[in-house]
Amino acid sequence: MPKSAAALLNFIDASPSPWHAAHSIASQLRGHGFEQLSESADWSLNTNGRYYAVRDDSSIIAFIVGRQTPAEHGFKIVGAHTDSPGLRVKPQPWLSGDGYARVALDVYGGPILASFTDRDLGLAGRLVYQQTDGSLVNSLIDFKRAMLRLPNLAIHLNRAVNEDGLKLNKQTELAGILGLNANQQLNADHFTHLLAEHVQASVEQILSWELAVYDVQPGNLWGAEQEFIADGQLDNLASCHAGLTALLAEAGAKADATRVCAFFDHEEVGSNSAKGASGSFLGDVLQRITLSSGGQGVDWQRALAHSFIISADMAHAYHPNYPGAYEPNHKVFVNQGPVIKINANQHYATDCQTEAQFIAYCREAEVPFQKYAHRGDLACGSTIGPLCATRLGIRTVDVGAPMWAMHSLRESAGALDHKYMIQVLRRFFSA
Ligand code: ZN
């Protein structure tokens, strides 16, 4: 197995929620000499300086200040998202009756709900509690064990499941079983108590939380030659990991442009939030870098005009069991290299010039590439690419590694493709 695939699986397993993903990314950055900047502080940046900023715990932008000013050489940006679709714990989740305690779950984004049944479901996220002096503490939390389960109905009680598919009602059939409660001995405080234990606080001190459901099974290799990988959140932690690994590997390169990794939360719910890709975060950071370099007047616009975004998000690999789902001339295959995503209606931001530039990077990095277009009679997904391009006017290409089962709790992809993606992103960041 390429070492990069093993590193990816470790990264995902350490990042069970978008808040943990930003935390994992920040730890790696600090290990490579990056300094955290607070958005509320004044920034004074040094040439070749390594910095990062985090907005609301789950969007993170890292950058290395270039040798030349942004007005002259612009920004080289790799964009991706930290969130994955799935299930989230409701604010008042306690359900009790019929001898069981259950936890009510909400749907976040567009997961394949059936893939959450019969799996070992952990809980991870963040919570806020109040200390005795009145101050509020924000803390990451991860149970690191199976806490919940959504058992299927037996086929004897759901005879049509193989003909009709597994359908789950989002209000009534998505309560995770937490435990036994035959004598109603447990009440709603019990769930809060489980959270409070983690931060050594009392139930009264816990004020609020955001908790995601994840699969506690670690990532693994599969296939006759172990040529495939399987894990949760490949969409899109694989792209975050590829971008971050490339930036860290090339951090010492003498680059004129300021190199940036921008990873956003909330992509799976449309990106419209203070920290989402449609928000001000990326523009704010780039503008502050430009000002810090002495930029004034039209230098900001000049910087954007010199810039380039590689929007990295996963792509749909051809699935031989479902040939009819794909555009026959645009099948892309696992372990055959990064996919350039093209859509005439701008669901992807790629145009023929940014496509050509990415192909040139692939050739220089000796990495194969593929081109994808969605079926004309099927609604096409989108990425942060068109949003960042719209907001900032930066030339953008949409690319990604091919994968199967996008938005399943257990996705799969090629072990080699991750290495290819890192290679081409390293080429992008190498000068
Ligand atoms: Zn995605």
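None of the figures in this text is laboratory data; all of them are computed from the coordinates on show. None of the values given here were measured: they were computed from a predicted structure. Virtual Cβ from ideal backbone geometry, glycine too; neighbours counted across all protein chains shown.
Number of residues in the range 382-412 that are under 15 Å from the mean Cα position of the chain (by Cα), under 20 Å from Glu355 (Cα atoms), in a loop (DSSP other than H, G, I, E, B) and of a type outside the set (A, V, I, L, M, F, W, C) equals 2. Taking the condition among the aromatic types (Phe, Trp, Tyr) and surrounded by 12 or more Cβ atoms within 10 Å (Cβ to Cβ), does Tyr322 pass? So Tyr322 fails the test. Against the numbered list (1) touching a residue at least 40 places away in the same chain (Cβ under 8 Å); (2) closer than 23 Å to Ile77 by Cα, Ala325 comes up short only at (2). Note on the range 122-148: residues that are charged (D, E, K, R) and free of Cβ contacts under 8 Å to residues at least 12 places away in the same chain amount to 1. For the range 149-191, the set of residues classified as exposed (fewer than 11 other Cβ atoms within 10 Å of the Cβ), among the polar types (S, T, N, Q) and either closer than 22 Å to Arg88 by Cα or without any contact (Cβ under 8 Å) to a residue 24 or more places away in the chain (or both) consists of Asn162, Asn169, Gln171, Thr172, Asn183, Gln185, listed by residue number. Ala303 satisfies every condition listed in (1) surrounded by 20 or more Cβ atoms within 10 Å (Cβ to Cβ); (2) over 21 Å from the mean Cα position of the chain (by Cα); (3) free of Cβ contacts under 8 Å to residues at least 60 places away in the same chain except (3). When each of Ala379, Ala431 is tested for being closer than 23 Å to Gly74 by Cα, among the hydrophobic types (A, V, I, L, M, F, W, C) and part of a loop (DSSP other than H, G, I, E, B), the lone residue that passes is Ala431.
Just one of the numbered conditions (1) in contact (Cβ under 8 Å) with a residue 24 or more places away in the chain; (2) within 30 Å of Ser115 (Cα to Cα); (3) surrounded by fewer than 24 Cβ atoms within 10 Å (Cβ to Cβ) is not true of Arg391: (2). Assessment of the range 338-348 against the conditions (of a type in the set (S, T, N, Q) and closer than 19 Å to Phe428 by Cβ) yields no matching residue.
Suppose we keep only residues that are over 19 Å from the mean Cα position of the chain (by Cα) and of a type in the set (S, T, N, Q) within the range 78-96. Which one would you say is nearest to the ligand (Cβ to nearest atom)? Among them, the one singled out is Gln92.
Considered as a group, the residues in the range 213-254 that are among the polar types (S, T, N, Q) and within 16 Å of the ligand (Cβ to nearest atom) include one that is nearest to the chain's Cα centre (by Cα), and that residue is Asn236.
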